[in-house]
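Okay, so here's the structure we're looking at.
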Amino acid sequence: MASKMLAYVLSTFLFLLQLHFSAGQSVVKAAYWTPRNEFPVSSIDSTLFTHLFCAFADLNPSTYQVTISSSNSAQFSTFTQTVQQKNPSVKTLLSIGGGGESKASTFASMATQPSTRKSFIDSSIKLARANNFHGLDLDWEYPSTKEEMTNFGSLLNEWRAAVAAESKSSGKAPLLLSAAVFYSSDYYSLIYPIQAISNTLDWLNVMAYDLYTPFAKNSPTKTGPPAALYNPTSKVSGNAGVRAWIQSGVAAKKLVLGLPFYGHGWRLVNANNHGIFAPANGAASDELGYGGIKDFITQNSATTVYNSTIVTDYCYAGTTWIGYDDTQSISTKVTYAKGKGLLGYFAWHVGADKNFALSQTASRAWGA
């Protein structure tokens, strides 16, 4: 009788344990931090987040090992300890990569062979553990051939297996795995490896921004909503991207919606024609953080507009037109994400958020 009772208790425990892990993350309220704008880690109000990404670790183009530059090593090594002083429960992830053609090329080369993938994987796990991160985030922008998409899937499968093996040998909780991806599962007629993504990643960071930019490869001749949630003129929108991911087979609870804490500025051809999709002549500025946009509005008495159909904000003064997200857009998008059953939201990047106005808005919109 005692042995049967013990077996019953053990099986119940294992079932509850399995149930616990199968539930995964309950919510992701996240943001990236980057040292590029000299915003100190110690200034982050980590009470507003469940997860914070430290960006970026680098990928060596010769050895394919993940490294942290000497200029970032001090801040990266103490990142977790620093943000947990204000919020002991916040989880941290080391993000690898970032935008740029050279980085994308290095990722593509690394992913071609099992041996070079192993170099990436082993070094990433070692680096995360050595610097006290709770997880790893892959930011490969973007796999751009059918072969690269296949290799991306192989990389994820092998990464998850290595993370599981390391957890078993070390006795530590498995590292979280996430990836920052294109706003849609369809990358210019190339489909992401859906099965591998579903099987391996804790969640996907859907980069539903930079949909319109004033730069040569995008939309220099007309203004546009950089992070449109809806778009009556095309499928270029956050909602269309989320729908594509779900229809492709990725569960809504694996998706985390990207929010921009920055905007883009265009030069209007005619200062009196200042709506969305108005004629433009390239960029009026580099990427502008939310704080810089608010300063521009104040200093130039700029007119501000919220478009509820598209869910975007823009402002204009003279021939300068800036598309961005203000508090109303952020609140609407977070409410949308929760209503669609998504896992949560993330922002790029926390250092651009003046007085944490957008972070506070997002956190309130999601609720407890």
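For the range 211-247, the set of residues classified as in a loop (DSSP other than H, G, I, E, B), farther than 12 Å from GLY265 by Cα and of a type outside the set (S, T, N, Q) consists of LEU211, ALA216, LYS217, ALA227, ALA228, LEU229, TYR230, PRO232, LYS235, VAL236, listed by residue number. Only one entry in GLY282, GLY292, GLY265 is small (Gly, Ala, Ser), part of a strand (DSSP E or B) and crowded, with 18+ Cβ neighbours inside 10 Å, namely GLY265. Of everything listed in (1) over 28 Å from GLN75 (Cα atoms); (2) touching a strand residue (DSSP E or B) at 6+ places or on another chain (Cβ under 9 Å); (3) free of Cβ contacts under 8 Å to residues at least 40 places away in the same chain, the single unmet condition for GLU148 is (3).
Within the range 248-302, the residues that satisfy the criterion of being touching a helix residue (DSSP H, G or I) at 6+ places or on another chain (Cβ under 7 Å) and of a type in the set (Ser, Thr, Tyr) are SER248, TYR262, TYR290. In this structure, LEU177 does not satisfy being assigned to a helix (DSSP H, G or I), surrounded by 17 or more Cβ atoms within 10 Å (Cβ to Cβ), under 18 Å from the mean Cα position of the chain (by Cα) and at pLDDT 95 or above. If you go through the range 336-358 and keep only what is out of contact with any Phe, Trp or Tyr (no Cβ under 8 Å at 6 or more places or on another chain) and outside any helix (DSSP H, G or I), you end up with LYS340, GLY341, LEU342. Selection of the range 98-108 for residues being in a helix (DSSP H, G or I) and crowded, with 16+ Cβ neighbours inside 10 Å yields LYS103, ALA104, THR106, PHE107, ALA108. Within the range 131-142, being outside any loop (DSSP other than H, G, I, E, B) and not aromatic (Phe, Trp, Tyr) holds for GLY135, LEU136, ASP137, LEU138, ASP139. Only one entry of ASN151, ASN157, ASN132 meets the criterion of being within 24 Å of LYS29 (Cβ to Cβ) and modelled with pLDDT of 95 or more, and that entry is ASN132. Taking the criterion of being over 15 Å from SER77 (Cα atoms) and touching a strand residue (DSSP E or B) at 6+ places or on another chain (Cβ under 7 Å), the residues of the range 49-63 that qualify are PHE49, THR50, HIS51, LEU59, ASN60.
This table checks each residue for (1) assigned to a loop (DSSP other than H, G, I, E, B); (2) surrounded by fewer than 19 Cβ atoms within 10 Å (Cβ to Cβ); (3) in contact with a helix residue (DSSP H, G or I) (Cβ under 6 Å, 6 or more places away or on another chain).
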residue	(1), (2), (3)
ILE121	no, no, yes
ARG129	no, yes, no
SER144	yes, yes, no
THR150	no, yes, no
ARG160	no, no, yes
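Filtered by the rule that a residue be closer than 23 Å to ASP210 by Cα and either over 20 Å from the mean Cα position of the chain (by Cα) or buried (at least 21 other Cβ atoms within 10 Å of the Cβ) (or both), the range 131-142 gives ASP137, LEU138, ASP139, TRP140. For the range 203-238, the candidate set comprises residues that are among the charged types (D, E, K, R) and on the phi < 0 side of the Ramachandran plot; within that set, the residue that is surrounded by the fewest Cβ atoms within 10 Å (Cβ to Cβ) is LYS217.
If we keep just the residues of the range 86-97 that are among the hydroxyl-bearing types (Ser, Thr, Tyr) and buried (at least 16 other Cβ atoms within 10 Å of the Cβ), which is farthest from ALA180 (Cα to Cα)? Step by step, filter the range 86-97, then rank; the result is THR92. Selection of the range 40-92 for residues being part of a strand (DSSP E or B) and touching a Phe, Trp or Tyr at 6+ places or on another chain (Cβ under 7 Å) yields LEU52, PHE53, CYS54, ALA55, LEU59, VAL66, THR92.
From the list THR332, THR319, THR303, the lone residue that is under 30 Å from THR221 (Cβ atoms), of a type in the set (Val, Ile, Thr), out of contact with any Pro (no Cβ under 8 Å at 6 or more places or on another chain) and in contact (Cβ under 8 Å) with a residue 60 or more places away in the chain is THR332.
The values are calculated or read from the model by the stated rules, or taken from the named source; none is laboratory data. Keep in mind that what you see is a predicted model, and the values were worked out from it rather than measured. Cβ atoms come from the backbone with ideal geometry, glycine included; neighbour counts cover every protein chain shown.
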